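Worksheet for the structure shown next.
The values are calculated or read from the model by the stated rules, or taken from the named source; none is laboratory data. None of these values were measured; they are calculated from a predicted model. A quick note on method: Cβ atoms are made from the backbone with ideal geometry, for glycine too, and the neighbour counts reach across all protein chains shown. For accessibility, only protein heavy atoms count, side chains too; no ligands or nucleic acids. Shrake-Rupley method; radii C 1.70, N 1.55, O 1.52, S 1.80 Å.
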Amino acid sequence: MASITLQEVEKRFGETAALRPTDLEIRDHEFLVLVGPSGSGKTTLLRLIAGLETLTGGEIYFGDQRVTDVDVGDRDIAMVFQNYGLYPHMSVFGNMAFGLRRRRMDRAAITDKVQEAARLLRIEHLLERKPRQLSGGQRQRVALGRAIVRDPAVFLLDEPLSNLDAHLRVQMRAEILKVHRAVTATAVYVTHDQVEAMTMGDRIAVMSDGVIQQVGTPDDLYDHPVNRFVAGFIGTPSMGFVECAREPGEPDLLTGTGVRLRLPAERVAALPAKAERVSVGVRPERLTPTGRGDAESASCTIEGVVEVVEPLGSEQHVLVAVGEQTVTAKGPREEHFEIGEKVVFALDPGHLHIFDAESGEALT
């Protein structure tokens, strides 16, 4: 198996920087997820690791071996693509065995490896079928099986679930993680879906504009985002933001339209003295509806008007206009809200995320 090290890796297409100089260490056996919006550079980074794109600059290592100039066929990788990439004229067995036959492996050994992978993926009964006779989920399992039989040092998966329906995506997330635990290869997984990233990754690299914004565990990214982009991208529903100013003569008080936040001493001490205007982020589950009397005694409150109520069975999401901004509250369905109703939410100041209003960098 192999760790993967990227040193100042970059990729430019003419004057366009698809990936800016990037350092990244992917640990041996780790399942690392690259997540970000379209155009963030995540697939470009994956293709550079695979050797499908030529680096503009930098170095790539698998373990101690420099692979920067090594051909894709010699990198000991296996890729799983969004469109599965199955040969339509071959059976499932033929598709899974294709790479092994090209290596001139013994026929009996090929059969053993294909059947072992098929058992792992629960597709033994499909080995004689053609791809057109399979469902989307079954085709995805075949594509995974074709990668597994090669026993690669590195698995690279490029949005492999994006063609599946929502229910099947959940199932296949679990299947991929089971496969990863069974084969113990290093895996790099690309997705635009932050729910996939949060539920699958040992660590996650959040990307935007060709730059890795933050690398960390799902809990790290959720609880300690380094900037406003990461804070807003990670989490469902996404974090809400309100713009605030520090009150003259009251450094512990942040105010804005419908917003009054009294900070504890340790949060005040962590704020730079020059930070007169800040952007305050709050997770939807941290907004607690309260009566007017309770609101007056609360140290931190946000007041607004209900715009949308989204019932989701066991819970509901409430979109609230706070001045010209919108925040989302998440809570039990027993709470009743009317469209156009004025509501006040209390917040625990320990759960506030404070960012620089200009740069978006986290301040506390």
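Here are some notes:
- Here, the range 189-285 has an Rg and a Dmax of 15.7, 50 Å when only alpha carbons are counted.
- Under the convention that each Lys and Arg Cβ holds +1 and each Asp and Glu Cβ holds -1, the size of the dipole of the chain around its Cα centre is about 1940 debye.
- Using a Gaussian network model of the chain in which every pair of alpha carbons under 10 angstrom is joined by a spring, one finds that among Asp64, Asp223, Asp23 the greatest mean-square fluctuation is at Asp64.
- Accessible surface computed residue by residue for the range 151-229, with neighbouring protein chains in place and a 1.4 Å probe, gives 38 Å² per residue.
- Protection-proxy order for peptides 339-348, 265-274, 39-48, 7-16, each taking the mean of Cβ atoms within 10 Å per residue, highest first: 39-48, 339-348, 7-16, 265-274
- For the range 227-364: rounded, prolate or oblate by the Cα gyration tensor [a/c cutoff 1.5]: prolate
- Across the alpha-carbon atoms of the range 189-244, the computed radius of gyration and Dmax are 10.9, 38 angstrom.
- Reachable lysines, given that their alpha-carbon falls under 30 Å from the alpha-carbon of Lys130 and they are not under 8 places away in the same chain: Lys113, Lys178
- Contact order normalised by residue count of the chain, Cα under 8 Å, 6+ apart, percent: 16
- Given charges at beta-carbon only (K, R positive; D, E negative), |dipole| of the range 91-218 in Debye: 680
- Rounded to 10°, Cα long-axis angle of helix 92-102 versus longest principal axis of the chain: 70
- Here the range 72-130 is treated with +1 on each Lys and Arg Cβ and -1 on each Asp and Glu Cβ, and its dipole about the Cα centre works out to around 140 debye.
- Using a probe of 1.4 angstrom and keeping all protein chains present, the accessible surface of the range 260-364 works out to 53 square angstrom per residue.
- log10 of Debye I(q)/I(0), alpha-carbon scatterers only, for the range 127-198 at 0.12, 0.13, 0.18 Å⁻¹: -0.32, -0.38, -0.73
- Binning all Cα-Cα separations of the chain at 10 Å, short to long from zero, yields these whole-percent fractions: 5, 21, 25, 21, 15, 9, 4, 1, 0.
- Here's the list of aspartates and glutamates a cross-link from Lys11 could span, going by alpha-carbon distance under 19 Å and ignoring same-chain residues fewer than 8 apart: Asp23, Glu25, Glu53, Glu59, Asp69, Asp71, Asp158, Asp209.
- Value of relative contact order over the range 1-128, rounded to a whole percent, pairs C-alpha under 8 Å and six or more apart: 20
- Accessible carbon and sulfur surface of the chain relative to its total accessible area, %, 1.4 Å: 47
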